[in-house]
Every structure is written in C-alpha cells, then in structure tokens.
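The values are calculated or read from the model by the stated rules, or taken from the named source; none is laboratory data. Note that the coordinates shown come from a computational prediction; the quantities given were computed from them, not determined experimentally. Don't worry about glycine lacking a Cβ; one is built from the backbone with ideal geometry, like all the others, and counts go over all protein chains shown.
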Amino acid sequence: MIEAALGKKKPLIDREIIVLAVILLFLPFVLPYKSLTPEILIYALGAVAFNILLGYTGMLSFGQGALFGAGAYMTGLVLIHLQIHPLLALLCGCLIGAATAFIIGFFSIRQVGIYFVMLTLAFNQLVYFIVYQWKGLTGGDDGLLDVPRPDFSIFPGIEIPIQTNLQFFLFVMVIFILAVIVIRRILNSSFGRVLVAIKENPERAAAIGYNIQHYKLASFVVSGFFTGLAGGLYALFMRMVPITAVELFTSTDFIIMSLLGGLGSLYGPIAGAVIIKIASEIVSEIWARWLLVMGVTFIVCILFMPGGVWGLVTAVIEKRKAASMQALRSQ
Amino acid sequence: MILKTKDLTKHFGGLTAVSKVDLQVEEGQIHAIIGPNGAGKTTFFNMLTGELPVSAGSVFFKEKNITGLKPHQIARTGIGRSFQQNKLFLNLTVLENVRLAEHAHHKGHFNFFRHFLFFNPPLEKAMQILEELEMEEIAALKAGELSHGQQRTLEVAMALAAEPELLLLDEPTSGMSPDEAVKMIRLLKKLGDQLTMIVIEHNMSLVMSISSDITVLYQGSVIASGKPSDIADNPEVRKAYLGGQA
C-alpha cells in the first residue's frame with residue numbers, strides 16, 4: 001500500500017541518473033557545434049534550479065537572472081583577483097547565489113501572485129543596474145573580461161585539464177550530474193514534499209502546522225545556490241562574464257525552457273534547455289529573426305501541451321503501457 | 001476549561017461579522033455552534049485558528065492566550081481543524097495528504113537530504129489513522145479522485161493527524177449523501193470519546209444526537225447557549241431560525 005500511494009525510496013544513483021548521463025555523454029558527438037554542449041548543460045542547470053521554485057513550490061520568480069549573474073561575476077572576480085582553485089571559485093558562486101536569493105526571497109515571499117512576480121522582477125533590474133554602474137569592479141557594459149580557466153588537480157598529482165571544448169564539456173557534465181543527484185534528493189526529502197504541499201494548497205499547509213514562509217525562503221536559497229553554480233560555470237565557459245548574464249532575459253530564458261520542457265518533473269526543464277538551445281542555434285543561422293519562430297512555437301506549446309515536452313513523452317509511454325496491458329488481458 | 005474566548009469580535013469594513021462572543025468549552029465536550037447562514041460561524045472559527053486576524057477580544061487555549069498567533073503556530077499548540085470547503089492536496093494521494101499532516105508534528109520535516117520515506121513514525125501514524133477511519137483501500141488514490149463524502153472524511157483524517165486536544169470541524173457533513181452522513185456521525189461520536197470538539201453544523205439531527213452543548217449565533221452574536229434540550233425549546237432560537245413566526 002505504501003509503495004502504491006507514495007512510490008519507492010529512490011537511492012541517490014539509479015537507472016534514471018545513469019540513462020541521463022549516457023544521453024548527455026552523446027551530445028557533443030551528435031551536435032554540429034561542440035562549444036554548444038557546455039552551454040546547454042549550464043542553461044539546463046539554471047532551468048532545473050528555477051523549476052524548484054515554479055514547478056515544486058509554485059513561485060514564479062523573474063529574479064533568476066540576478067542569481068545567475070551574481071554567481072557568474074563572483075566566480076569570475078575571485079578567479080581574476082585571487083587566482084584560487086576553480087572548484088573553490090564555483091563554490092563562491094554558489095554561495096553568493098544563495099545569499100542573493102536569500103535577500104530577494106526574504107522580501108518577495110511576503111507577497112503572493114502578481115506582486116510577488118513584480119518584486120522579483122524589480123530585484124533583477126536592481127542587480128542589473130548595480131552591475132552596470134559599478135564599472136570599476138564589474139567592467140560595466142563591456143562585461144568582466146579575461147576570466148582565467150586554469151587546469152586544476154583534485155588529488156595531488158592528478159591534473160584535470162579543462163581547456164578544449166570536449167574537456168570542458170566533461171567537466172561541466174560531471175558537475176551537472178552531481179547537481180541533479182543532489183537536487184533530486186532534496187525534492188524527494190521531507191523538505192521537498194512540504195514544498196509540493198505548499199504549491200498544492202498553501203493555506204492548508206499552514207493549517208496542518210508548517211511555517212510556509214520558512215519553506216518558501218529555503219526553497220529560494222536552494223534555487224539560488226544551484227543557479228549561482230550555473231552562473232559560475234558560465235563564467236568559466238565564456239572566459240568572461242557578459243552583462244547579458246544578469247539581464248532579465250536570462251530569467252525569461254529559464255522560465256521558457258522550464259515551461260516548454262514541462263514543470264511537473266525534474267527532467268522537463270533539461271529537455272526544454274536542450275531543445276531551445278539547439279533550435280535557436282540552427283534556426284538563427286537560417287533566419288535572423290529566429291526569435292519570432294521561437295515565440296510562435298512557445299505559444300503553441302503552452303496552448304496545446306500544458307505538460308510540456310516531458311509531459312507529452314510520459315503520456316505517450318503511459319498510453320503504450322496501458323495498451324500492452326490491455327493486449328495481455330484480452331489474450 | 002480547554003478553550004475560552006472573551007469579547008471576540010471581527011469587523012469587515014463597516015460590517016460586524018462576529019460581535020463580542022464569549023464562548024467557554026470544557027474538556028471532553030462536543031460543543032456545537034449553530035445558526036443561520038451568515039451568522040458568523042466560520043469567521044469565528046477562522047479567528048480561533050489564526051486564519052483571520054482578530055479585530056478585538058482574545059482567545060485562550062488551556063489558559064494560554066493564543067490571540068494573534070499564526071495558523072501554523074496554533075496548529076502546533078494542539079488545535080486541529082477541518083475546513084467547510086474541502087481544502088486538500090488534490091494532486092497528492094490520500095496517504096500523502098495524511099502523512100504530510102502528520103509529519104508537521106514530528107522531527108525532521110525540514111530535513112533536506114533524507115528521503116521522506118525514511119521517516120517511519122509519521123508514516124506509520126498516518127497509516128494507523130487511515131485504518132481507524134477505514135480508508136486503507138483508497139490510500140493510493142489521489143485526493144482529487146475521491147467522492148465528496150470521502151474527501152470530507154479525509155479532511156477529518158488530516159485534522160486528526162495533529163493529535164489535537166481540540167478538534168474544530170466546519171460542517172463535517174455538508175454536501176454528503178444521507179448514507180455518508182450516518183457514517184460521519186458514527187465517526188464523530190467515536191472521536192468524541194477521545195477528544196474535545198467544536199462542530200459547526202446545519203444538520204440538526206446530527207447536532208442533537210452528538211453534542212453535549214450548543215451555542216447559537218445570530219448576526220454575529222450569541223443569542224443562546226446551553227444543553228440541547230434547552231436550545232430546542234428556546235423561543236429566541238426559534239425566532240431566529242423561523243423568521244419570527246414561532
């Protein structure tokens with residue numbers, strides 16, 4: 001009965017994770033541009049982190065660009081000025097992402113609905129203008145240039161090179177998979193289940209004894225931590241931080257990827273990021289006004305595929321399962 | 001005295017929905033609150049549980065002033081409630097609804113890294129509640145797939161998960177078929193042996209058969225309070241209900 005009602009206990013690594021890793025491993029070999037693959041994973045991580053807020057807690061945040069940018073600039077700055085270990089620099093990016101999320105979340109979760117959305121949007125603009133004005137530190141309009149991407153060692157003697165596209169892709173992939181494993185566990189933890197309850201019915205969640213403000217804030221901080229990680233990887237990937245990283249458009253990118261891929265699951269936003277990044281690369285070569293095509297596709301998807309691409313895939317699989325069960329029974 | 005309110009009042013703009021209500025509930029009572037539509041019964045409940053801020057007056061639970069506490073804080077002091085309209089986690093299974101209600105009162109609900117199924121006590125307790133209410137067979141259904149009567153029962157199950165000393169039930173039989181209502185009455189009688197209850201109800205046969213005390217609200221004020229037999233004979237109550245033709 002428990003299994004039927006609540007599912008199985010999932011170990012940290014299972015078939016799902018291995019299948020995901022194998023599929024991702026093939027990406028650089030099937031895609032026309034090798035440099036695209038790390039970027040896909042970086043955006044996928046940002047979309048997955050965003051989905052913790054929208055898909056699991058029910059909060060539509062337009063402030064993800066600020067978190068992504070904060071992670072990117074922090075990682076870039078510590079690499080330039082302190083020349084520290086890249087993994088440590090990424091950790092700095094995670095922490096500043098979490099801290100920024102704490103501040104944005106602290107004020108925004110006091111409101112719900114449209115006011116919440118507008119607050120997160122305003123915070124994103126605020127961070128953008130801070131970055132834009134503070135030229136001495138951030139490079140302002142020109143972006144933060146010359147971020148080093150040094151090779152590093154984890155154990156003495158084992159050097160990890162991350163210079164070529166393929167090497168860097170593998171580096172990003174390992175971090176991505178680790179992040180997905182941790183996020184999946186967080187979503188399946190007792191904490192994560194309360195987030196789902198809050199999304200379903202916040203009033204009831206409070207009536208049965210949960211302090212929903214604490215949960216919402218924690219959800220923000222977790223999302224900020226991983227969005228900051230994505231930002232840090234972006235700084236390493238670009239070897240600079242363009243000011244577009246902290247723009248509102250970055251926020252909307254994550255939102256569109258999640259919606260297109262499907263909010264209901266952990267893997268939907270990954271699918272969304274892969275599809276959008278590849279499509280935009282291909283379509284933009286054919287037609288300069290490719291955003292128009294994207295816009296129309298997006299509208300069609302929202303209207304006719306509310307579960308997103310991932311929802312469609314799982315629906316097809318379930319239908320097949322049901323059909324084969326039927327066939328078995330009629331035999 | 002498990003619950004006491006003093007001059008409890010709620011204004012909505014110029015409208016006084018609840019006016020200076022003094023209510024005293026003894027431990028072990030099943031106290032019914034009745035009154036015509038718009039009498040302020042649910043508003044009164046919402047002030048007890050912190051869903052609505054109090055305009056004036058105070059609420060004491062076990063001699064402690066709980067006026068102005070947040071809903072989750074009041075839930076943790078030992079007051080459980082069900083809602084008039086079903087407020088369930090409709091996309092989650094029945095067992096998950098009750099487990100969530102249960103886990104709020106156990107350790108570890110803020111744990112980020114432990115899979116939720118590894119917390120056994122809340123899970124076992126949730127199963128036990130479902131067994132008591134004869135809901136094991138529908139445990140794996142989503143709350144949204146249940147019949148109305150089953151959803152009302154799930155409401156009660158979730159309120160019970162808190163192991164409340166005081167249970168507030170807002171129209172537990174509303175919209176139920178007669179068969180379902182009979183089952184619910186039986187359940188409430190059974191629960192009445194274990195805990196104190198305040199029940200808002202329109203179904204007079206239910207009120208008369210289970211309650212030990214009745215308070216009648218009319219236009220936000222208490223017009224009568226006493227044993228069921230006294231209330232049935234009270235001319236003012238008849239007037240309020242029958243529109244002055246008593």
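Points worth noting:
- Residue within the stretch A:211-219 that is within 27 Å of B:Leu92 (Cα to Cα), aliphatic (A, V, I, L, M), modelled with pLDDT under 95 and in contact with an Asp or Glu (Cβ under 8 Å, 6 or more places away or on another chain) present: no
- Residues in the stretch A:268-285 that are of a type outside the set (Asp, Glu) and out of contact with any helix residue (DSSP H, G or I) (no Cβ under 6 Å at 6 or more places or on another chain): 5 in all.
- For A:Ser265: the one exception among (1) part of a helix (DSSP H, G or I); (2) at pLDDT below 95: (1)
- Test result for A:Phe102, surrounded by fewer than 18 Cβ atoms within 10 Å (Cβ to Cβ) and at pLDDT 95 or above: yes
- When residues of the stretch A:226-273 are limited to those that are of a type in the set (Val, Ile, Thr) and surrounded by 24 or more Cβ atoms within 10 Å (Cβ to Cβ), the one farthest from A:Cys92 (Cα to Cα): A:Ile270
Quick grid of which residues meet (1) outside any loop (DSSP other than H, G, I, E, B); (2) basic (Lys, Arg):
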position: B:Lys87; (1), (2): no, yes
position: B:Asn97; (1), (2): yes, no
position: B:Glu102; (1), (2): yes, no
position: B:Lys107; (1), (2): no, yes
position: B:Phe113; (1), (2): no, no
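- The residues listed here are B:Thr9, B:Thr42; of these, the one that is more than 16 Å from B:Pro164 (Cα to Cα), within 14 Å of chain A (Cβ to nearest Cβ), of a type in the set (Val, Ile, Thr) and not in a loop (DSSP other than H, G, I, E, B) is B:Thr42.
- Residues of the stretch A:190-240 that are touching a Ser or Thr at 6+ places or on another chain (Cβ under 7 Å) and within 17 Å of A:Gly55 (Cα to Cα): A:Leu195, A:Ile198, A:Lys199, A:Lys216, A:Ser219, A:Gly224.
- Selected residue (only one of A:Val221, A:Val316 is under 18 Å from the mean Cα position of the chain (by Cα), of a type in the set (A, V, I, L, M) and closer than 29 Å to A:Ser189 by Cα): A:Val221
- Contact map, the stretch A:214-230: residues that are within 13 Å of another protein chain (Cβ to nearest Cβ) paired with residues that are polar (S, T, N, Q), Cβ distance under 7 Å, separation 6+ or inter-chain. Pairs shown: A:Lys216/A:Thr57; A:Ser219/A:Thr57.
- A:Ala21 being surrounded by 24 or more Cβ atoms within 10 Å (Cβ to Cβ), assigned to a helix (DSSP H, G or I), on the phi < 0 side of the Ramachandran plot and not aromatic (Phe, Trp, Tyr): no
- Of the residues making up the stretch B:187-227, those that are assigned to a helix (DSSP H, G or I) and without any contact (Cβ under 8 Å) to a residue 24 or more places away in the chain are B:Lys189, B:Lys190, B:Ser205.
- Scan of the stretch B:73-94 for residues that are of a type in the set (Val, Ile, Thr) and either touching a residue at least 60 places away in the same chain (Cβ under 8 Å) or at the interface with chain A (Cβ under 7 Å from one of its Cβ atoms) (or both), ordered by number: B:Ile79, B:Thr93, B:Val94
- Residue pairs whose Cβ atoms lie under 9 Å apart, separated by 6 or more positions or on different chains, with the first residue in the stretch B:112-125 and more than 8 Å from chain A (Cβ to nearest Cβ) and the second of a type in the set (Lys, Arg) and surrounded by 14 or more Cβ atoms within 10 Å (Cβ to Cβ), are B:Pro122/B:Arg99; B:Lys125/B:Arg99.
- Some residue of the stretch B:133-147 being free of Cβ contacts under 8 Å to residues at least 12 places away in the same chain, in contact with a Phe, Trp or Tyr (Cβ under 6 Å, 6 or more places away or on another chain) and within 7 Å of chain A (Cβ to nearest Cβ): no
- In the stretch A:195-225, the residues that are surrounded by fewer than 23 Cβ atoms within 10 Å (Cβ to Cβ) and not in a helix (DSSP H, G or I): A:Asn201, A:Asn211
- Test: residue in the stretch A:191-198 that is in contact with a Pro (Cβ under 9 Å, 6 or more places away or on another chain), within 20 Å of B:Leu90 (Cα to Cα) and at the interface with another protein chain (Cβ under 7 Å from one of its Cβ atoms): no
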